[in-house]
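**Student:** Would you mind keeping the following structure in view while I ask a few things?
The values are calculated or read from the model by the stated rules, or taken from the named source; none is laboratory data. What you are looking at is a predicted structure, and each value in this text was computed from that prediction instead of being measured. Please note: Cβ atoms are built from the backbone with ideal geometry, for glycine as well, and neighbour counts cover all protein chains shown. To get the accessible areas, we keep the full protein, side chains included, count just its heavy atoms, and leave off ligands, DNA and RNA. Shrake-Rupley method; radii C 1.70, N 1.55, O 1.52, S 1.80 Å.
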Amino acid sequence: PDTGKALDILGSNPENFGQVWHLPSHPNPITGTELVNLAAQAFQTQAKISTIPKPLLYMLGWFVPVIRESYEMLYQLDSPYHFNSQKFKNSFGDHATPIHQAIHATALAYQKP
């Protein structure tokens with residue numbers, strides 16, 4: 001719901017056009033491992049985390065286009081990759097849903113028949 005609401009706010013006012021906006025995010029991001037563990041808990045399953053070495057990922061990309069794209073995005077994992085939505089918060093208020101609530105809501109949406 002955060003993304004939809006934020007995009008509606010930004011897209012509804014031409015004064016926002018042509019500017020850089022980061023959508024609502026929290027100032028204390030969680031790690032990827034924490035995200036996987038929270039998602040596993042929400043889906044009532046065991047978290048399993050594994051990685052593929054970069055050279056193997058590169059070679060797999062020769063045959064699987066989506067993996068090639070993943071390899072190109074690894075720069076995001078080489079150093080902290082944080083969003084700062086303070087500008088959005090100052091302009092429109094805080095619309096960020098706490099991560100625990102967002103993951104729980106996502107899990108419920110997937111569990112609906």
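**Student:** Restricting attention to the range 60-113, and to residues there that are in contact (Cβ under 8 Å) with a residue 40 or more places away in the chain and of a type in the set (Val, Ile, Thr), which single residue is farthest from Gln44 (Cα to Cα)?
**Tutor:** Among them, the one singled out is Thr97.
**Student:** I need a count of the residues in the range 22-41 that are open to solvent by 70 Å² or more (accessible area, probe 1.4 Å), part of a helix (DSSP H, G or I) and farther than 18 Å from Leu77 by Cβ.
**Tutor:** Matching residues across the range 22-41 total 1.
**Student:** Follow-up. Quick check on my filter: what residues within the range 77-94 are polar (S, T, N, Q) and either surrounded by 10 or more Cβ atoms within 10 Å (Cβ to Cβ) or within 18 Å of Ser12 (Cα to Cα) (or both)?
**Tutor:** Passing the criteria: Asn84, Ser85, Gln86, Asn90, Ser91.
**Student:** Could you run through the range 95-113 and say how many residues are more than 25 Å from Asn16 (Cα to Cα) and either surrounded by 12 or more Cβ atoms within 10 Å (Cβ to Cβ) or acidic (Asp, Glu) (or both)?
**Tutor:** Going through the range 95-113 one residue at a time, the tally reaches 8.
**Student:** Any residue at all in the range 12-33 that's more than 30 Å from Lys89 (Cα to Cα) and in contact (Cβ under 8 Å) with a residue 12 or more places away in the chain? Before the answer, list the steps.
**Tutor:** Of the range 12-33, the ones more than 30 Å from Lys89 (Cα to Cα) are none.
Within the range 12-33, none of the residues are more than 30 Å from Lys89 (Cα to Cα) and in contact (Cβ under 8 Å) with a residue 12 or more places away in the chain.
**Student:** Taking the conditions exactly as written (closer than 17 Å to Ala6 by Cβ, under 15 Å from the mean Cα position of the chain (by Cα) and not in a helix (DSSP H, G or I)), does Ala96 satisfy them or not?
**Tutor:** Considered against the rule, which asks whether it is closer than 17 Å to Ala6 by Cβ, under 15 Å from the mean Cα position of the chain (by Cα) and not in a helix (DSSP H, G or I), Ala96 comes out as yes.
**Student:** In the range 55-93, which residues are within 24 Å of Pro29 (Cα to Cα) and outside any helix (DSSP H, G or I)?
**Tutor:** Passing the criteria: Met73, Asp78, Ser79, Pro80, Tyr81, His82, Phe83, Asn84, Ser85, Gly93.
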